[in-house]
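The values are calculated or read from the model by the stated rules, or taken from the named source; none is laboratory data. All values derive from a computational prediction rather than experimental measurement. Positions of Cβ are backbone-derived with ideal geometry, glycine not excepted, and every protein chain shown enters the neighbour counts.
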Amino acid sequence: MISTDDLTFFAMIAASQSLAEAARRLNVTAPAVTQRLRALEARVGVILVDRTSRGLTLTDEGELLASEGSVIIEAMDDLSERLARRTTQVRGHLRIAAPHGFGRRYVAPIVQDFAQRHPAATVTLELSDSPIRQMSESWDIVVHIGTLPESDRLVTTLATNRRILCAAPHYLENNPPIDKPEDLTLHRCLALRENNEDVTLWRFTHPTQGSATVRIKPTMSTNDGEVIRDWALSGAGIIIRSEWDVAHHLAAGRLHEVLPQWSPPAADVVALLHARRGRSSRANVFLQTLREALSSPPWLFGE
């Protein structure tokens, strides 16, 4: 006999690259995941997962359980949703993916507020370097910043978000002046590697002078937004960073905007959603909560 808990457990394994990753997502130990998986395989009488040094691969039977199980889980969620509509309660499980830095600072408090307002609902918030990789059917809402891949999901803008060229004032005081984008080739530039973008090609537009591109040779690079911002604050070089992360540092004078007339491409905060027909009311309620919280961006009006 397979329970819905078993299906949910196996769906998490199917969405993970390894049992260790599944354990982190389930907030249990890796041995506990292994033991439960073995018990499930013993009950169904087939091997569901092939485990190798390179990770895990679903067997044909595992693929069948994952695909059919997702249909059953969705049907159970839908039934719960339809029953909940007969009351005024928001209930069921909501799954959200978001970027590490923005998710930690802004999405997590919104999730907490939502959970307190709707105690009959439960929420999973998954933070990652690239939340668009989580765009499987198991996630209700994916919060994303930056270039969007092709997707059949609906996209709605939650907040505008400029990207800003900036550096610490003591770095700018002790290095050659920057009057045009090409001058950046003479400076220490720091690159943030994310979303598979070409992070060494910096693009700018000017209201009267058109566009410009500069190929930088980064002195340091990282995939962590907080690290690159802290490097810039310490005077290590020049960065392009989202307004949500540096606005308060600019306001306090810890960072100065460079070439303010030359704008890097914007990176609005968006939500990727399932088609309206298949979206639950809890997802709609959470989306509205997100919109209310970000409609006046907190990074511009005080946090």
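Residue by residue, here is whether (1) assigned to a helix (DSSP H, G or I); (2) of a type outside the set (A, V, I, L, M, F, W, C); (3) at pLDDT 95 or above; (4) more than 17 Å from the chain's Cα centre (by Cα) holds:
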site: SER138; (1), (2), (3), (4): no, yes, no, no
site: VAL142; (1), (2), (3), (4): no, no, no, no
site: THR147; (1), (2), (3), (4): no, yes, no, no
site: ASP152; (1), (2), (3), (4): no, yes, no, yes
site: THR157; (1), (2), (3), (4): no, yes, no, no
site: CYS166; (1), (2), (3), (4): no, no, yes, yes
site: TYR171; (1), (2), (3), (4): yes, yes, yes, yes
site: THR185; (1), (2), (3), (4): yes, yes, no, yes
Check: For THR219, which of the numbered conditions (1) buried (at least 16 other Cβ atoms within 10 Å of the Cβ); (2) within 28 Å of the chain's Cα centre (by Cα); (3) not small (Gly, Ala, Ser) fails to hold?
Finding: (1)
Check: crowded, with 18+ Cβ neighbours inside 10 Å and on the phi > 0 side of the Ramachandran plot, is that true of GLY92?
Finding: yes
Margin query: Among the residues of region 277-296, are any free of Cβ contacts under 8 Å to residues at least 40 places away in the same chain, in the same structural domain as PHE102 (by TED's automatic domain parsing) and part of a loop (DSSP other than H, G, I, E, B)?
Written below: yes
Next item on the list: Could you please let me know if ARG105 is modelled with pLDDT of 90 or more, in a helix (DSSP H, G or I) and either within 14 Å of the chain's Cα centre (by Cα) or in the same structural domain as LEU37 (by TED's automatic domain parsing) (or both)?
Entry: yes
Notebook entry, point to check: What tally of residues in region 196-216 results from selecting those that are surrounded by 15 or more Cβ atoms within 10 Å (Cβ to Cβ) and in a loop (DSSP other than H, G, I, E, B)?
Noted result: 2
Next item on the list: Go through region 224-268 and give me each residue that's among the hydroxyl-bearing types (Ser, Thr, Tyr) and within 21 Å of SER130 (Cβ to Cβ).
Entry: SER242
Check: Given the structure, is PRO181 surrounded by 13 or more Cβ atoms within 10 Å (Cβ to Cβ), of a type outside the set (A, V, I, L, M) and either assigned by TED's automatic domain parsing to the domain that holds ALA252 or closer than 24 Å to HIS248 by Cβ (or both)?
Finding: yes
